[in-house]
Amino acid sequence: MKKVLSVVLALVMMLSVFSVSFASANTESDATMVVGQTKTVSGNAGAVFNGFFIVRYVAVGNGTIIITSDGESYGDCNPVIEVYKDSMKSANKIGDEENTNKTHNFVYELDVVAGTVYFFAMHNSFENDEAEWDVTITCNHEIYDNGICLTCLTECDHTVRDNIVGCCPCGENYDGEAIVVGNKYTVKSDKDYRWFRFDAKEAAPYILTSENPDGSSWGDNSANPAFIITDETGEIVLANDADISKDNVNFNFPFLFAEGERYFIGVKSEKNLTDDWYFTFANGTKHSIPEEYEAEEQKVDAEGNLVFEEKKDENGDVVYEEKKDENGNVVYEVKVDAEGNPVLDADGNPVYKTELDADGNSVKIPVMVPVMVPVMETVIKVRYIDHELKYVPQKNANHNEAGHTPYVYCTECKDENGKDLVIAGGDAIPQITECVDANADNACDICGKVMVEPEPEEPEDPTKDCTCNCHKKGISKFFFDFALFFQKIFRLNSVCKCGIRHY
């Protein structure tokens, strides 16, 4: 018996020591993180508790945060998370998650309370210590007060939400990025809109164009550029689809903006690819045409230097002029000795050559140099002439003919078929041969024809519930018919109470 008690006592003491050790270790962590941070961990990164990597998070506000994992080696990485409140005692475990879908990553949403300490214990359930993955804490930013998120206490960055125009998450007015007509913008290939603001100063068409970068192949690899236009209230006035974006790959579409109105233009990729693309917002009122013309300008050599030549008179003789120094003073000829060295006087000054002028006076002889003039040549240059564009509104298809989307065409240029050159838009809308009733009002949306004629209603039998003997059978009907003989003679009671005439 004493031996049994000794063993039990020893086990209790060992359990107590382990519990104390476990409780103290469980309040430690490998990292303390805040909203917006990302940590890279691996299967052997945890050093505190059974190989788990432990993150400590202190909630600064109330709301929902999201803990996500991002492991690239999906075949060797399946991050698991266990969530604890206050400490990592088993009694404080409030949730766990193991992702089993194809991404092998978890997305754990947690409602937090300000001031509470949370522990996120994570490890790789595939037990591959070499596999690395990231853990990130983000915030839903659901509620703001004076521009401060009440969950993470961060200030709103005032960027527009996807599909919410004119307002950022905290509710303050958002004006978007002022668009510059004619600019080419690089659009990142993702599924979030990049928003622009446009204040129309006149009623005029503008052309929205997307462009494939570097001429690479689109097809199935296309980012499928998309655009949307809304008014200032956020109501959609135009969005590209298969009707106004050929093959839904690139768009080249005009829209007639109203004078004095503010619009928001959003552009994004329908497919999230690595390649970026270009967006241009161009004036749709003119078409600039290049025109070559001859011009005379100074010749330039291969190194880019201007070319000069000696000036000659009408006889072909070179024209000379007095040489001058950098200060504009005339340079005179200096006497030289037999060896070609300058002759100097007693004071060391150069001795100049002289000659007699018309009056017999001795004068210094200036140095004469050829007059140099620029070499001119005729070159072909390009200038641009603006042709007027005309806007044509959309024509809807009907049962008799096809229609077209809005387009602008050049009033002076022709295409290869001799027709007006369409600059943007003008996609065909096929003829609608059959009646359609999209709004389910039993009338064709195209021609107004009634789709289905209503069946005539059968009048209700008034004798159905009548109790008069005239509608009965048997002996009651016999006595009624007998009495009816005398009613006919004396013209009595000719109408039944149900409204049917007796005779």
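If you stretched the chain out fully between V307 and E259, how much longer would it get, using 0.36 nm times the residue separation minus the C-alpha to C-alpha distance?
11.9 nm
Mind listing the long-range amide H neighbours of I423? Cut-off is under 5 Å, sequence gap 5 or more, other chains count too, H placed in the peptide plane at 1.01 Å from N.
The list, which skips near neighbours in sequence, is V408, Y409, C410.
Based on the Cβ-Cβ distance from T280 to V117, what FRET efficiency comes out when R0 is 51 Å, to the nearest 0.05?
Working: r = 53 Å, r/R0 = 1.03.
Given R0 = 51 Å and the Cβ-Cβ separation, E is 0.45.
Does the stretch 259-376 classify as rounded, prolate or oblate by the C-alpha gyration tensor (a ≥ b ≥ c root eigenvalues; a/c under 1.5 gives rounded; else a/b over b/c gives prolate, otherwise oblate)?
On the way: a/c = 4.17, a/b = 3.12, b/c = 1.34.
It is prolate, given that a/c is not under 1.5 and a/b is the larger ratio.
List every residue whose amide H lies under 5 Å from the amide H of F308, counting only residues 5 or more places away in sequence or on a different chain, with H placed 1.01 Å from N in the peptide plane.
Answer set, sorted by chain and number: V375.
List the residues whose amide H sits under 5 Å from the amide H of N62, counting only those 5 or more places along or on another chain, with H placed 1.01 Å from N in the peptide plane.
Those qualifying (amide H under 5 Å, at least 5 residues apart or on another chain) are A114.
Which FRET efficiency, nearest 0.05, do N146 and D70 yield, Cβ-Cβ r, R0 45 Å?
On the way: r = 33 Å, r/R0 = 0.74.
Step by step, r from the Cβ atoms, then E = 0.85.
Spelling out what I want: for every residue of the stretch 198-211, take phi, set θ = phi - 60°, compute 6.51 cos²θ - 1.76 cosθ + 1.60 (Karplus), and round to whole Hz; glycine and proline get x.
Along the stretch 198-211, the couplings run 9, 9, 6, 8, 8, 7, 7, x, 10, 10, 9, 9, 10, 9 Hz.
Arrange F227, F486 by Cβ neighbour counts within 10 Å, fewest through most, would you?
On the way: F227 24, F486 9.
So the ranking, lowest neighbour count to highest, is F486, F227.
Taking the highest mean first, how do the peptides 296-307, 197-208 order by number of other beta carbon atoms within 10 angstrom per residue?
On the way: 296-307: 9.4, 197-208: 16.9.
In decreasing order of mean packing, 296-307, 197-208 become 197-208, 296-307.
Please arrange W133, W277 by counting, for each residue, the other beta carbons lying within 10 Å of its beta carbon, fewest first.
Numbers: W133 25, W277 22.
Ranking W133, W277 by Cβ neighbours within 10 Å, fewest first, gives W277, W133.
May I ask you to order 363-376, 401-414 by the average number of other C-beta atoms within 10 Å around their residues, highest value first?
On the way: 363-376: 13.1, 401-414: 17.0.
Going by the mean number of other Cβ atoms within 10 Å, highest first, we get 401-414, 363-376.
Pulled fully out, how much extra length does the chain show between Y332 and A31, if you take 0.36 nm times their separation in residues and subtract their Cα-Cα distance? Mind showing how you got there, number by number?
On the way: separation 301, 0.36 × 301 = 108.36 nm, distance 8.70 nm.
Going from the current span to full extension adds 99.7 nm.
Can you pull the one-decimal nm distance between simple spin-label points at T233 and I385, each 7 Å off the Cα toward Cβ?
The answer from the label model is 4.7 nm.
At 0.36 nm per residue, minus the direct Cα-Cα distance, what do Q298 and K464 gain on full extension? Give it in nm, one decimal, please.
Numbers: separation 166, 0.36 × 166 = 59.76 nm, distance 11.10 nm.
Contour length minus Cα-Cα distance gives 48.7 nm.
Which aspartates and glutamates does K390 reach when only Cα atoms under 14 Å apart count, and residues fewer than 8 places away in its own chain are ignored?
E412, D420
How high is the FRET efficiency from D359 to E339, r the C-beta distance, R0 30 Å, rounded to 0.05?
Details: r = 35 Å, r/R0 = 1.16.
That pair, D359 with E339, gives E of 0.30.
Excluding residues on the same chain fewer than 8 positions from K419, give the aspartates and glutamates whose Cα lies under 20 Å from its Cα.
Cross-link targets: D386, E388, E401, D427.
Run the reach check for K364 against aspartates and glutamates, Cα to Cα strictly under 20 Å, same-chain hits fewer than 8 apart removed. What comes back?
Cα-Cα hits under 20 Å: E321, E322, D325, E326, E333, D337, D345, D347, E355.
Just grab the label-to-label distance for V107 and N398, each label 7 Å out from Cα along the Cβ direction, in nm (one decimal).
So the label points at V107 and N398 sit 4.9 nm apart.
The numbers here are math on the coordinates, done by the rules we state, and not lab data. Nothing here was measured: the structure is a model prediction, and the numbers come from that model. Glycine gets a Cβ as well: all are built from the backbone with ideal geometry, and neighbour counts include every protein chain shown.
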